[in-house]
Amino acid sequence: MAELTHTPARAIIAPHAGYTYCGACGAFAYRQVNPSQIKRVFILGPSHHVRLSGCALSSTSKYRTPLYDLVIDQKIYEELFLTGYFERMSLQTDEDEHSIEMHLPYLAKVMEHYRDHFTIVPVLVGSLSTEKEQLYGKVFAKYLTDPQNLFVISSDFCHWGHRFRYTYYDKSCGNIYQSVEKLDRMGMDMIEQMTPAGFTDYLKKFGNTICGRHPIGVLLNAIQTLQKTGNGHKMSLKFLKYAQSSQCLSMHDSSVSYAAAALVIE
């Protein structure tokens, strides 16, 4: 049972796999959201199907969910387009990408009593360089300061196994799944420290297949931008739940890891 342990969330990190695999884990992040104060939800999801060196915005005006339609905030889209750093994704790209889509029913459910009082800002995040993560972090920092905004950072964690071309195994940890968990928790610790350079160094050292590493990098850079402005905000990012799709015991196995986190700004 997900409890209110780190709330109200200004941003959450949550997985985007099938709900039977990661739904319970993701719930720990969404439980920290206070829907009564949210007017706008930014959803940053990694691009799985198209090569992007920057970020792209939807070409539609709303997303349909099994509960009700979610309206895209065209005013914020205009502001983002005016920076010159965003392109428009095709409808085909939008429909093919699951990293944003899988969060929509969660949002619709959490916000159902305020369904006519909030908008969404979906953003598809490409394979960003360190410099571009900093750039987009600065762009989104001003929106992160607003307590009426929520950021949803879409990411699974380690994709382990030959089918993912990633088989890092530290045998001193015990079984493979224990090595994977230690590896993931090292990354989670770096994210909790909210230092973009530390997380980047971790990824370079271990190559962990965290598919939302660039959306996470953008969030960390937005946090760092706010820290540098010295506005007196106290920020705390905590992971609340960790899970794996299965426990790998042999090199023939495979698994995907999931983690849920919340950022609180006081």
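The values are calculated or read from the model by the stated rules, or taken from the named source; none is laboratory data. These numbers come from a predicted model, not from an experiment. When we count neighbours, we look across all protein chains shown, and the Cβ atoms used for this are built from the backbone with ideal geometry, even at glycine. Please note that ligands, DNA and RNA were not included when accessible areas were found on the heavy atoms of the full protein model with its side chains. Shrake-Rupley method; radii C 1.70, N 1.55, O 1.52, S 1.80 Å.
For this structure, a couple of remarks:
- Distance between the 7 Å Cα→Cβ label points at Ser236 and Cys173: 2.8 nm.
- The listed peptides 78-85, 4-11, 153-160, ordered by packing as a protection proxy, come out as 153-160, 4-11, 78-85 (highest mean of other Cβ atoms within 10 Å first).
- Zone of Glu131's modelled label, taken as backbone nitrogen in region 66-104 under 16 Å from a point 7 Å along Cα→Cβ: 85
- Rg and Dmax over the alpha-carbon atoms of region 1-115 stand at 14.7, 44 Å.
- For the chain, the spread of Cα positions along each principal axis, largest first, Å: 52, 43, 38
- Average accessible surface area per residue within region 171-266, 1.4 Å rolling probe, Å²: 44 Å²
- Legend: distances between Cα atoms for Lys171/Lys204; Lys171/Lys205; Lys204/Lys234; Lys132/Lys234; Lys138/Lys205; pairs beyond 23 Å are Lys204/Lys234; Lys132/Lys234; Lys138/Lys205.
- Total charge dipole magnitude, region 115-217, about the Cα centre, Cβ charges on Lys, Arg, Asp, Glu only, Debye to nearest 20: 300 debye
- Between helix 19-30 and the chain: long-axis angle, C-alpha atoms, 0 to 90°, nearest 10: 60 degrees
- Principal-axis tilt of helix 176-192 within the chain, Cα atoms, nearest 10 degrees: 40 degrees
- Each peptide among 165-175, 118-128 gets the average number of other Cβ atoms lying within 10 Å of its residues, and from highest to lowest they stand as 118-128, 165-175.
- Within-14-Å neighbourhood charge of Met186 [Cβ basis; K, R +1; D, E -1]: -1
- Think of region 30-147 as a dipole: +1 on every Lys or Arg Cβ, -1 on every Asp or Glu Cβ, centred on the Cα centre; then among Leu135, Met111, Thr65, Met111 lies furthest on the positive end.
- Scattering profile of region 172-243 at q = 0.11, 0.12, 0.23 Å⁻¹ [log10 I(q)/I(0), Debye over alpha-carbon scatterers]: -0.31, -0.36, -1.07
- Label-reachable residues, region 72-107, where backbone N falls under 15 Å from a point 7 Å from His48's Cα toward its Cβ: 93-105
- Principal-axis analysis of the Cα atoms of the chain puts helix 213-229 at an angle of about 60° to the longest axis.
- Surface exposure of region 75-120, expressed per residue as accessible area with a 1.4 Å probe, stands at 57 Å².
- Region 134-266: Cα Rg divided by the 2.2 N^0.38 Å rule of thumb: 1.13
- Taken about its Cα centre, the chain carries a charge dipole of about 360 debye when Lys and Arg each add +1 at the Cβ and Asp and Glu each add -1 at the Cβ.
- In the chain, helical runs assigned H by DSSP with n ≥ 4 each contribute -39500 (n - 2.57); averaged across all residues and rounded to the nearest 500, the mean residue ellipticity at 222 nm is -11000 deg cm²/dmol.
- Per residue convex hull volume, Cα atoms of region 204-266, in Å³: 104 Å³
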